Amino acid sequence: MPAWATASTAPGAAIRDVSTAPPPPFERAVERKPFVVELPQIDGLLRVLFVPDCHVPYEDKKAFELLLRAAAVFKPDLIVILGDFADFYAVSSHSKDPRRVRLLKDEVTAVQERLQQLKAICPRIIYVSGNHEDRLSRYLQERAPELFGHVEIPEVLGLRELGIQYVEYKDTYHLGKLHVTHDTGTAGQNAHRQSMTTFGRASTIIGHTHRMEYSVIGNADGPPALGAMFGWLGDFDAIDYMHKHKIKADWVHGFGVGYMEPNGIVHVRPCPIVNGAVVIDGVLVR
């Protein structure tokens, strides 16, 4: 698996210098209560931690604690959550295991505690929403349409109070020349490459699949483009809709890191968790 790659420029995209400018606004971000998380002014590389699907409160506790330890070593300037950080099991339309605690307030409290742990490591967080966060919108549409538009994820999770920027599901956050979204409607081991095609063979990072894959595609007219997905941090034993051996054969615990140059090129590295350990910046963290 390559240790680095560069992100290509989409046709017509302008080059930004992150040492003097804030991150570009995402086109369809929540505009009702806009706010901006400023990126630090740097002359070197912006260090980015990518947090994949966690499904809190059904995260793997040991894997998430390892993420926190690794993040303390990595010292990110920015954390980007790739969606499905929260599970929202209580409002899922799927059949539910009656043995599980299903109070929404308990799930929300657990998610807020995990977000506060991330904030303690890095105050600048981008929360890209996933299909599990979208469960709340679908629940309101079907069960309580009168509340639709009045009860939304940023308010429920208290993201504004935490100073976390929110990107709606089915939208994209642009980190320099890198497209970051939860999914583009595909899954499986080639979902990252299919998502690159959605953005015109541009560099793309997604969540959603719980797989760890990394591809670099050449470009005859410019720099290569990358596509990546960084696994997940959920609890395998909490999955009740797929065969246990199937998910353990396909899904991987891990996360990702990136280093963005002032010109917007992002160098990306997957970080798989192997035997309860991960290597980050040349340091073995257990």
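Just so it is clear, none of the values below were taken in a lab; they were calculated from the coordinates. This is a predicted model, so every value here is computed, not measured. Note: ideal-geometry Cβ built from the backbone for every residue, glycine included; neighbour counts use all protein chains shown.
Odds and ends about this structure:
- Note on the stretch 243-286: residues that are exposed (fewer than 11 other Cβ atoms within 10 Å of the Cβ) and farther than 16 Å from residue 71 by Cβ total 5.
- Among the residues of the stretch 72-112, those that are buried (at least 21 other Cβ atoms within 10 Å of the Cβ) and charged (D, E, K, R) comprise 84, 87, 107.
- For the criterion of being polar (S, T, N, Q), part of a loop (DSSP other than H, G, I, E, B), without any contact (Cβ under 8 Å) to a residue 24 or more places away in the chain and under 30 Å from residue 242 (Cα atoms), residue 197 fails.
- Filter result for residue 213 (more than 30 Å from residue 100 (Cα to Cα), acidic (Asp, Glu) and touching a helix residue (DSSP H, G or I) at 6+ places or on another chain (Cβ under 7 Å)): yes
- Condition check for residue 104: under 22 Å from residue 90 (Cβ atoms) and without any contact (Cβ under 8 Å) to a residue 24 or more places away in the chain: yes
- Selected residue (criterion: farthest from the chain's Cα centre (by Cα)) from residues of the stretch 132-180 that are part of a helix (DSSP H, G or I) and aliphatic (A, V, I, L, M): 147
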